[in-house]
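Enquirer: So that we are looking at the same thing, I have put the structure below in structure tokens.
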Amino acid sequence: MEIGEIGISDLDIYLTRMQRSILDKMFFIDKVFEPFDNIVDFGCANGELIKAMLPMFPDYRYTGYDISTEMIEAARKNVPEAEFYDCWDEIRAPFERSLLNISSTIHEVYSYGTEAEIEEFWSRVFGSGFRYVAIRDMMFSDAQDGPVNERQLAAVRESGYSKWLADFEAVWGEVRTQRLLVHFLLKYKYTQNWDREVHENYFPISAEELVKRIPNSYRVVLRDTFTLPYTAWQIRKDFGFTLREHTHIKLILERK
């Protein structure tokens, strides 16, 4: 899974989108209280989150990990004060005194990884002994799924985005469930990298399936499911309805 294989046609736009959510990606920092020394950013890209946190929280050591050599090279130039790795086994941070941050990464692991790589990912997350694990990603709840809201679907079909919906249905099948409609509504604005976005699975697992993954060695400190405010605003603006379903999840897990 190198970045070229994922197929980002416009890397600048991809990184700009990531930067817009920097503040929300720091959600964990005021909600963990047991001492830890290091923050490990899994899927760090060019290091923008670490760059933003360093001046505000200078007492931590920062480590970034990404499978992309290109991203790691960019991160080392962007944040020379931190350590960055594209090989997990070379990371020198003391995991038992570290917080592992996983933001907008789980869906990419499932979208582009093999079954073996997915299991290796979870083994690294829960089997490495991290003091805390913070997760933030797109996630849909099984409890909110069901037949599609026909009024909302009609509004999309009658809009200027009907072409993109047709492209989406060519990949994912006809939109008959609310899960599929929300899936489209999370990606319809990202036309600059459309070929990549339309094929990427934003909801590879549900919120309930994620929680089942948590081993007994961790307790849940925080669990929050929510609708991204910007997404809700954009949908109201473009289609005239309010999205009620939750689109994202935040979790903080503490090792017992």
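The values are calculated or read from the model by the stated rules, or taken from the named source; none is laboratory data. Just so it is clear, the structure is predicted and the values come from calculations on it, not from any experiment. Neighbour counts are summed over all protein chains in view; Cβ atoms, including those assigned to glycine, are modelled from backbone coordinates with ideal geometry.
Enquirer: Just give me the residues in region 158-201 being of a type in the set (Gly, Ala, Ser) and part of a helix (DSSP H, G or I), in sequence order.
Expert: Going through region 158-201, the residues of a type in the set (Gly, Ala, Ser) turn out to be 159-160, 162, 166, 170, 173.
SER162, ALA166, ALA170 - these are the residues of region 158-201 that are of a type in the set (Gly, Ala, Ser) and part of a helix (DSSP H, G or I).
Enquirer: What's the total number of residues in region 104-140 that are within 20 Å of the chain's Cα centre (by Cα), in a loop (DSSP other than H, G, I, E, B) and either crowded, with 16+ Cβ neighbours inside 10 Å or on the phi > 0 side of the Ramachandran plot (or both)?
Expert: 5
Enquirer: A further question follows. Could you run through region 68-78 and say how many residues are at pLDDT 95 or above and either part of a loop (DSSP other than H, G, I, E, B) or closer than 20 Å to ASP37 by Cα (or both)?
Expert: 0
Enquirer: Could you go through region 203-216 and let me know if any residue there is among the aromatic types (Phe, Trp, Tyr) and farther than 30 Å from ASP30 by Cβ.
Expert: Residues of region 203-216 that are among the aromatic types (Phe, Trp, Tyr), as a first pass: 203.
Applying the additional criterion that residues be farther than 30 Å from ASP30 by Cβ yields none.
The answer is no, given that none of the residues of region 203-216 is among the aromatic types (Phe, Trp, Tyr) and farther than 30 Å from ASP30 by Cβ.
Enquirer: How many residues does region 48-80 contain that are of a type outside the set (Val, Ile, Thr) and either in contact with a helix residue (DSSP H, G or I) (Cβ under 7 Å, 6 or more places away or on another chain) or surrounded by 21 or more Cβ atoms within 10 Å (Cβ to Cβ) (or both)? Outline the logic, then answer.
Expert: The first filter runs over region 48-80 and keeps only residues of a type outside the set (Val, Ile, Thr), leaving 48-49, 51-62, 64-66, 68, 70-71, 73-78, 80.
Filter once more, keeping what is either in contact with a helix residue (DSSP H, G or I) (Cβ under 7 Å, 6 or more places away or on another chain) or surrounded by 21 or more Cβ atoms within 10 Å (Cβ to Cβ) (or both): 48-49, 51-53, 62, 64-66, 68, 70-71, 75, 78.
Looking only at that region, the number is 14.
Enquirer: Give me the pairs: first residue in region 34-47 and on the phi > 0 side of the Ramachandran plot and surrounded by fewer than 24 Cβ atoms within 10 Å (Cβ to Cβ), second residue assigned to a loop (DSSP other than H, G, I, E, B) and not small (Gly, Ala, Ser), beta-carbon distance under 7 Å, and six or more apart or on different chains, which are they?
Expert: Hits for this filter: GLY43/ASP66; GLY43/THR105.
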